[in-house]
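Take a look at the structure set out below.
The values are calculated or read from the model by the stated rules, or taken from the named source; none is laboratory data. Remember, it's a predicted structure, so these values are computed and weren't measured experimentally. Positions of Cβ are backbone-derived with ideal geometry, glycine not excepted, and every protein chain shown enters the neighbour counts.
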Ligand code: DP6
């Protein structure tokens, strides 16, 4: 029996991953960029030949076989192949600090924590780049959770995904940004990202979005490097809009934002000292400087959003225990 416990952070994309060129390997259509959050998932993994089948518990709830095979199972299959032990099975227990499916990227953090803990438990000696590729196979956005700070995921060109991995652009200490997360809804989303992304292939505006991402990514990275606040906020809002525009342009019809989300967009744009971004859900992530957090909280309160969660720019995963 080999056991390890690790914790890994969630991340918020400021250039969104939406659309795949390969669904099994989670190879994206475009590069994406994220800020690592300080919201963590802790995962214990036990590998043994005496376990009958892979099992996963999240906050005490046992996942059904379908859920296991489409996320953790993909990572485990890869590991079994890598170590050449086809009969090795795993028991995985995860605990999230935040609601599991409320658009706070718990699957990303969960996959990163699983990969990190597995690397420790089995002594695989993978470097971060290798681990990011493996986390990607579990859940695309998970590859960005292998690093702290500001993280770039290169989409890559190859069919085998060997050039689709992440790297840290700037460490957490680079910029004192805060993510003020408005908790509008903690409900599970009706259409998971994975299904939503399949639909985007039908969007006539997808090509324009991919061009937009390619053309503005260097500028966005430059705005982080030089800490040009106004430009940075403008670009992250445009990138959020761009993803939600192609989502609305998909067929069958799909949308993740609600009336409150739209009010937040107007209010934050007018405020001028913050930027909004939304993942596949209605909860706003308002990115701002530490000194503006109080004002942003007041603005959200004015829109009826009383419950917020704050996150600073977080560190990457860490090992907690190895047996
Ligand atoms: C809206 O990484 O959850 O959060 O690769 O199918 O597991 P799979 O999808 P997932 O999608 C995340 C989508 C997003 C944008 C982002 O994080 O870049």
(message) Which numbered condition in (1) touching a helix residue (DSSP H, G or I) at 6+ places or on another chain (Cβ under 6 Å); (2) in contact (Cβ under 8 Å) with a residue 60 or more places away in the chain; (3) closer than 24 Å to residue 276 by Cβ; (4) surrounded by 18 or more Cβ atoms within 10 Å (Cβ to Cβ) is the only one that residue 137 fails?
(response) (3)
(request) Could you pull out the residue among 148, 103 that is modelled with pLDDT of 95 or more, in a loop (DSSP other than H, G, I, E, B), within 15 Å of the chain's Cα centre (by Cα) and closer than 17 Å to residue 35 by Cα? (result) 148
(request) May I ask you to list the residues in segment 15-38 that are over 10 Å from the mean Cα position of the chain (by Cα) and more than 9 Å from the ligand (Cβ to nearest atom)? (result) 19, 21, 22, 24, 25, 27, 29, 30, 31, 38
(request) From the list 297, 270, 306, pick out the single residue that is surrounded by fewer than 17 Cβ atoms within 10 Å (Cβ to Cβ) and not in a loop (DSSP other than H, G, I, E, B). (result) 270
(request) Determine which single condition residue 17 fails, assuming it passes every other condition in (1) in a loop (DSSP other than H, G, I, E, B); (2) over 29 Å from residue 155 (Cα atoms). (result) (2)
(message) Looking at 174, 239 in this structure, which one is touching a strand residue (DSSP E or B) at 6+ places or on another chain (Cβ under 7 Å) and surrounded by 18 or more Cβ atoms within 10 Å (Cβ to Cβ)?
(response) 239
(message) Is it the case, given these coordinates, that residue 90 is in the same structural domain as residue 71 (by TED's automatic domain parsing), part of a helix (DSSP H, G or I) and either in contact with a strand residue (DSSP E or B) (Cβ under 9 Å, 6 or more places away or on another chain) or within 24 Å of residue 275 (Cβ to Cβ) (or both)?
(response) no
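Yes/no per residue for (1) surrounded by fewer than 17 Cβ atoms within 10 Å (Cβ to Cβ); (2) in the same structural domain as residue 161 (by TED's automatic domain parsing); (3) more than 26 Å from residue 206 (Cα to Cα):
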position	(1), (2), (3)
6	no, yes, yes
10	no, yes, yes
15	no, yes, no
28	no, yes, no
34	no, yes, no
49	yes, yes, yes
86	yes, yes, yes
(request) Within segment 66-86, track down each residue that is out of contact with any strand residue (DSSP E or B) (no Cβ under 7 Å at 6 or more places or on another chain), within 17 Å of residue 123 (Cβ to Cβ) and touching a residue at least 12 places away in the same chain (Cβ under 8 Å). (result) 75, 78, 79, 82, 83, 85
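Each row is one residue, and each column tells you yes or no for (1) more than 16 Å from the ligand (Cβ to nearest atom); (2) over 23 Å from residue 323 (Cβ atoms); (3) not in a strand (DSSP E or B).
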position	(1), (2), (3)
98	no, yes, yes
116	yes, no, yes
123	yes, no, yes
132	no, yes, yes
159	yes, yes, yes
163	yes, yes, yes
169	no, yes, no
(message) Please pick out the residue among 244, 255 that is more than 25 Å from residue 152 (Cα to Cα), within 16 Å of the ligand (Cβ to nearest atom) and without any contact (Cβ under 8 Å) to a residue 60 or more places away in the chain.
(response) 255
(request) Tell me which residues, restricted to segment 134-157, are closer than 20 Å to residue 67 by Cβ and away from the ligand (no atom under 11 Å from the Cβ). (result) 134
